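This report concerns only the one structure given below.
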Amino acid sequence: MVVPVVKVKQGWLRGATVESITGESYISFKGIPFAAPPVGKLRFADPTPPQSWTGIRDALQYGPSCAQIDMLKHQLVGSEDCLYLNIATTSLSGSRPVMIFFHGGAFTYGNAKDDLYGEDYLVTAGIVYVAMNWRLAVLGFLHLDDPVVPGNMGLKDQTAALKWVKENISQFGGDPNNVTIFGVSSGGASVHYQILSPLSKGLFHKAIMQSGNALDHWATATKPADTLRRYIAALGKETSDPQEIVEFLRGLSIEELMKAQQDLIVPEDMRWLQFPFRPSVDDKSENPFMPRCPKELALKGSEVPLIIGYNSYEGNLLTRGMQNKVSTILDENSKLGLPDGLVTHDHPKRDAVSDEIRKFYFGDEPISEESAYDWIRACGDISYVFGAHKVVESQQKRIAPCYFYKFTFDVSRTFSKFYFNLSLESTIEGPGHADELPYIFNVKMAGDYLRFNPGTQERITSDRMIRMWTDFAKTGIPTSKIDDVINVEWLPVSQTTKHYLNIGAELSADTNPDEEVIHLRDNISEILNSN
């Protein structure tokens, strides 16, 4: 067997030919450096170009995950030296569409490995697949509101990876002029940030946002200055001088940085994904990624074609393990415990907003253990549905097409039940957050639990989603061919109509999903803006 070898800008790479779960083979390159290791003096600095090497570098193993406290094991994993990407392709010749994936994890967790995001289905459908790591949490999103550390290093890492792909992907059989970026959860929000940033113009041509965008309340830091003050205090340092702060933090071990970060997280923040370090406006940067508030930048919409959508019960992620604890729903004043990103704790209309939401989801009934499912629905709507519709509404004014979807396919075995070790009876009916993943990716860590046999409704749904996602990457139209597999045309939204595709056991085209939820969102906005 011929060993695959390619020459990129930095030197030669040796990959491997592997067999996919579909029985076809493809070529894999792992652990390719796209930026210099952000260690030492480069900790908290913008990414810099990778070093060249001599000879042939093996690209056979994944690079380390970015340093993080593992969400399930609650222990430190990964490394600061983490800026690596992976490429999968069926051939080193030709010029095929490229899909670049951004992993999820609330800007605090995650990696680009195939135990969760196996590329088998996508690459054998005729695209070149790329996935990358980027700096997370304090290492990626420390914000000093000063040129010394202006913030958004993790988002700039993503942009550096996009630039590397543009320069080198043709060596892997990819077309640098036909690149689609896509992501789930904070990966979807990252995709949106790349769309909004002036630093990323021209680096991609289409985008897919699954259950996450920059307008979701959890996707932007609300009080970075307060977070910084509490973080420095937790480390025993008292100073407000940015240069002194960064020098102090560069002198600490990664274990010390991560422990102090973890100590800042309280259950209420965890429930709403309001982790300490997230994207922020970095207008003090010499080269800002996000010069203005994303809400302002998003008003003009996207210049590239989009797919955007969400799942029926996104709130299962935010309420797992809390279904039988009413105390997690109410704050100390018996008002709903709402996220700062929706309405700040000191806002004079906070109680009015709480009352409006309570009436919508619970009516006049008292909140009890039986109300938990209503709270799951509320959390999902507030955290994912509100923002998705805002993005769609901005796109209704644009020429670039926007394809809107709602994933409603309901089965007993789901990704969220597997990943969070939930019993089949413990969650409500309907797909929760990230439950669409197994229909696009080979979730290797799940083994046979999420493996779909030919002819099953799960396999049919998977075949449909893979084809729509890859056809969009190839042509910009997700249902470019109508046949027995894709039997419905997916219309983009128009200036007057929110067309969307309902992805259930069958595909169905409809308009205005969750219209009553959007009325609630608009009512909340009126309350907050009233005198």
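Counting only strands (runs of 3 or more DSSP E) that sit wholly inside region 4-60, those with at least 1 residues that are closer than 17 Å to ASP114 by Cβ, within 26 Å of the chain's Cα centre (by Cα) and at pLDDT 95 or above are 25-33.
For every residue, the table says whether it meets (1) at pLDDT 95 or above; (2) surrounded by fewer than 18 Cβ atoms within 10 Å (Cβ to Cβ).
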{"residue": "ILE477", "(1), (2)": "yes, yes"}
{"residue": "ASP483", "(1), (2)": "no, yes"}
{"residue": "TRP490", "(1), (2)": "yes, no"}
{"residue": "VAL493", "(1), (2)": "yes, no"}
{"residue": "SER508", "(1), (2)": "yes, yes"}
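Scanning for something assigned by TED's automatic domain parsing to the domain that holds LEU257, under 23 Å from ARG278 (Cβ atoms), in contact (Cβ under 8 Å) with a residue 24 or more places away in the chain and of a type in the set (A, V, I, L, M, F, W, C), does region 5-28 turn up at least one residue? Looking for residues that are assigned by TED's automatic domain parsing to the domain that holds LEU257, under 23 Å from ARG278 (Cβ atoms), in contact (Cβ under 8 Å) with a residue 24 or more places away in the chain and of a type in the set (A, V, I, L, M, F, W, C), one finds none in region 5-28, hence no. Would you confirm whether or not region 159-174 contains a residue that is over 18 Å from ILE32 (Cα atoms) and either crowded, with 23+ Cβ neighbours inside 10 Å or of a type outside the set (Val, Ile, Thr) (or both)? No, region 159-174 contains no residue that is over 18 Å from ILE32 (Cα atoms) and either crowded, with 23+ Cβ neighbours inside 10 Å or of a type outside the set (Val, Ile, Thr) (or both).
The condition of being in contact with a Lys or Arg (Cβ under 6 Å, 6 or more places away or on another chain) and surrounded by 14 or more Cβ atoms within 10 Å (Cβ to Cβ) holds for only one of ALA189, ALA221, ALA234, ALA298, that being ALA221. Each residue in region 70-93 was checked for being hydroxyl-bearing (Ser, Thr, Tyr) and either assigned to a strand (DSSP E or B) or without any contact (Cβ under 8 Å) to a residue 12 or more places away in the chain (or both), and 3 of them qualify. How many residues does region 496-531 contain that are part of a helix (DSSP H, G or I) and among the charged types (D, E, K, R)? The number of residues fulfilling the criteria is 5.
Among the residues of region 248-281, those identified as crowded, with 22+ Cβ neighbours inside 10 Å, modelled with pLDDT of 85 or more and in a loop (DSSP other than H, G, I, E, B) are PHE275, PRO276, PHE277, ARG278, PRO279, SER280, VAL281.
Taken over region 128-157, residues that are buried (at least 24 other Cβ atoms within 10 Å of the Cβ), touching a Lys or Arg at 6+ places or on another chain (Cβ under 6 Å) and not charged (D, E, K, R) amount to 5. Residues that are among the polar types (S, T, N, Q) and under 24 Å from the mean Cα position of the chain (by Cα) within region 137-175 comprise ASN152, GLN158, THR159, listed in sequence order.
For region 500-527, a residue qualifies if it is touching a residue at least 40 places away in the same chain (Cβ under 8 Å), in contact with a strand residue (DSSP E or B) (Cβ under 7 Å, 6 or more places away or on another chain) and over 27 Å from ARG459 (Cβ atoms), but none of them does.
How many residues does region 481-495 hold that are over 20 Å from GLN210 (Cβ atoms) and either free of Cβ contacts under 8 Å to residues at least 60 places away in the same chain or not in a loop (DSSP other than H, G, I, E, B) (or both)? Residues meeting the conditions: 7.
The values are calculated or read from the model by the stated rules, or taken from the named source; none is laboratory data. Being a predicted model, the structure only gives us computed values, none of them experimental. We place every Cβ from the backbone using ideal geometry, glycine too, and count neighbours over all the protein chains shown.
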